[in-house]
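Q: Here you go, one structure.
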Amino acid sequence: MLAPLRSIPEIFDPVTVAQIDARLDEIEASDHVVIGWAIESGSRAWGFPSPDSDYDCRFIYVRRQDDYLSPWMRRDVIETPLDGVLDVNGWDLGKAVKLLLKGNAVVIEWLTSPIAYRGDIWLRDALLDLARRYTDRDAVARHYLHLGEAQRRKYFSDEKDVALKKLFYALRPAASLRWMRHHPGERIAPMHFPTLMEQCEPSAEVRSIVAELIARKAASKEMGSAPLPQPIRAFVDDEFKAARACFASTSQVASAEARTAAERLFRAAIRRYALTS
């Protein structure tokens, strides 16, 4: 029995939400799949949207039973054309499960998004349980480290003004790494950036600057440029340095126990969702 979930903020444009719903319905009909989980990703789910932020819908789907019994496996990604502010695409459940065990932070964030267009709570909770028990924690940390360092190199300058909206794309990875260092038994950091900042407990000065940046981004399409705030520079650079010392640089191979649990979940989901014709 399905336990459907839908959680959409009142501030979301109802016309756009209806377009997303229609796009998901069309995908299910044309690709003969069942969408078990569909959420908002990107800045709206992270908690620092601009007035003109795109809607980034991501989903996990299950194909027909016979599609999983063919020697020629179907493509494990469904992509739809970018349309105005809509960006809608998703992954096959098998792809999501395998990447989850490897420590793919993207699929983990899909499961922890606070904004759900549709989905079965059973699937979300089963995948999250798998992640909490078996995902490669060091690989999750490396994702945030590489992402954050790339943003630091690309957009930040210690001598020139920086685009203030780009600060978030190094701040969020840095805060995720700090959270993981402070919660050594946990594998999943909060996706929602304000929650993440509260729980990772940076300095009061950093919290104040971040709160101001979020408020400015919510109120204006263009935040402009300014010198990189010294407390933000120190926070980001210190966290990346600490992460390099704290987290392993190589990946682990999924244990036999983890693979067995993943297969058990996958088969249960196929029986639960897959169409028979």
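Each value in this text was obtained by applying a stated rule to the coordinates, not by laboratory testing. Computed from a predicted model, the values in this text were never measured in an experiment. Cβ: placed from backbone, ideal geometry, glycine included. Neighbour counts: every protein chain shown.
Q: Loop only by DSSP, 16 or fewer other Cβ within 10 Å of the Cβ. Give me the chymotrypsin sites (Phe, Trp or Tyr not before Pro) in segment 41-115 that pass, ordered by residue number.
A: Taking segment 41-115 and a limit of 16 other Cβ atoms within 10 Å, the loop chymotrypsin sites (Phe, Trp or Tyr not before Pro) found are Trp72.
Q: Near Ile115, within a Cβ-to-Cβ distance under 15 Å, what is the net charge of the other residues, with Lys and Arg +1 and Asp and Glu -1?
A: Within the 15 Å Cβ shell, the charges total -3.
Q: Right, here's the next one. Which of the peptides 204-211, 74-81 is most tightly packed, and how do the rest follow, going by the mean number of other Cβ atoms within 10 Å of each residue?
A: 204-211, 74-81
Q: With each label point set 7 Å from Cα along the Cα-Cβ vector, what nm distance links Ser251 and Arg207?
A: So the label points at Ser251 and Arg207 sit 3.7 nm apart.
Q: Let me ask something additional. Using the beta-carbon distance between Glu28 and Arg267 and R0 = 22 Å, what value does 1/(1 + (r/R0)^6) give for FRET efficiency, to the nearest 0.05?
A: My answer for the efficiency is 0.55.
Q: Report, in debye and to the nearest 20, how large the dipole of the chain comes out about its Cα centre when Lys and Arg carry +1 and Asp and Glu carry -1 on their Cβ.
A: 820
Q: Indicate, rounded to the nearest 5 percent, the antiparallel portion of the DSSP beta bridges found entirely in segment 14-138.
A: Here the share of antiparallel DSSP bridges comes out near 65 percent.
Q: Sticking with this structure for a sec: What shape does the chain take by its C-alpha gyration tensor, where a ≥ b ≥ c are the square roots of the eigenvalues and a/c under 1.5 counts as rounded, a/b above b/c as prolate, and the rest as oblate?
A: Taking the square roots of the gyration eigenvalues as a ≥ b ≥ c, the chain is oblate.
Q: Between their Cα atoms, which of Lys95/Lys165; Lys102/Lys160; Lys154/Lys217; Lys98/Lys217 are more than 27 Å away from each other?
A: Beyond 27 Å: Lys95/Lys165; Lys102/Lys160; Lys98/Lys217.
Q: Where the centre of each part is set by its Cα atoms, how far does segment 256-271 sit from segment 130-193, in angstrom?
A: 29
Q: Further question on the same structure: Show me the ranking of peptides 10-19, 142-151 by mean Cβ neighbours inside 10 Å, starting with the highest.
A: Taking the mean over residues of other Cβ atoms within 10 Å, the ranking is 142-151, 10-19.
Q: In the chain, what percentage of the DSSP-assigned beta bridges are antiparallel, given to the nearest 5?
A: Expressed as a percentage, antiparallel bridges in the chain total about 70.
Q: Now a separate question. Note down the net charge around Tyr144, summing +1 for each Lys or Arg and -1 for each Asp or Glu among other residues with Cβ under 14 Å from its Cβ.
A: Neighbour charge sum, excluding Tyr144 itself: +3.
Q: What residue among Ala141, Ile27, Phe168 has its Cα farthest toward the positive end of the dipole of the chain, where the charges are +1 on Lys, Arg and -1 on Asp, Glu, each on the Cβ?
A: So the residue we want is Ala141.
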